[in-house]
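The values are calculated or read from the model by the stated rules, or taken from the named source; none is laboratory data. Keep in mind the model is a prediction, meaning the values are calculated, not measured. Heads up, the Cβs are rebuilt from the backbone with ideal geometry, glycines too, and the neighbour counts pull from every protein chain shown.
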């Protein structure tokens, strides 16, 4: 599975809603669930981060002799919308938003 697939909808762009509706088809009563657009990926199926919702809890690999680059530093633990991020999500965040991660690293250390 690709790292950038949205885990909320598994890449489909939609999620099963809570709304149940009754309908008749050929005289049979059925309950259906409505599909709704996935809020996490905005119906694209690709994981996107609202950086305001990312909370980085800890970093590892910080080598002060590598100042100011800190090229070996990486996110150890982070939350997204209050939920623990997976290793794949953290990798994607570091790959696609390296400036954001660097700024958070500086704030974390100083």
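Annotation: residue 57 fulfils all but one of (1) over 14 Å from the mean Cα position of the chain (by Cα); (2) under 23 Å from residue 82 (Cα atoms); (3) modelled with pLDDT under 80; the unmet one is (3). Considering (1) within 14 Å of the chain's Cα centre (by Cα); (2) surrounded by 13 or more Cβ atoms within 10 Å (Cβ to Cβ); (3) modelled with pLDDT of 90 or more, the lone condition that residue 52 does not fulfil carries the number (2).
Scan segment 1-22 for residues that are modelled with pLDDT under 65 and either in contact with a strand residue (DSSP E or B) (Cβ under 7 Å, 6 or more places away or on another chain) or surrounded by 13 or more Cβ atoms within 10 Å (Cβ to Cβ) (or both) and the total you get is 4.
Can you name the residue in segment 63-90 that is surrounded by 15 or more Cβ atoms within 10 Å (Cβ to Cβ) and outside any strand (DSSP E or B) and, of all such residues, is modelled with the lowest pLDDT?
Filtering segment 63-90 down to residues surrounded by 15 or more Cβ atoms within 10 Å (Cβ to Cβ) leaves 70, 73-75, 78, 80, 85, 88-90.
Okay, now just the ones that are also outside any strand (DSSP E or B), so 70, 73, 85, 88-90.
Values: 70: 94, 73: 95, 85: 91, 88: 85, 89: 88, 90: 93.
Residue satisfying both the conditions and the ranking: 88.
Can you find even one residue in segment 23-30 that is at pLDDT below 85, outside any strand (DSSP E or B), over 12 Å from the mean Cα position of the chain (by Cα) and farther than 28 Å from residue 108 by Cβ?
Yes, some residue in segment 23-30 is at pLDDT below 85, outside any strand (DSSP E or B), over 12 Å from the mean Cα position of the chain (by Cα) and farther than 28 Å from residue 108 by Cβ.
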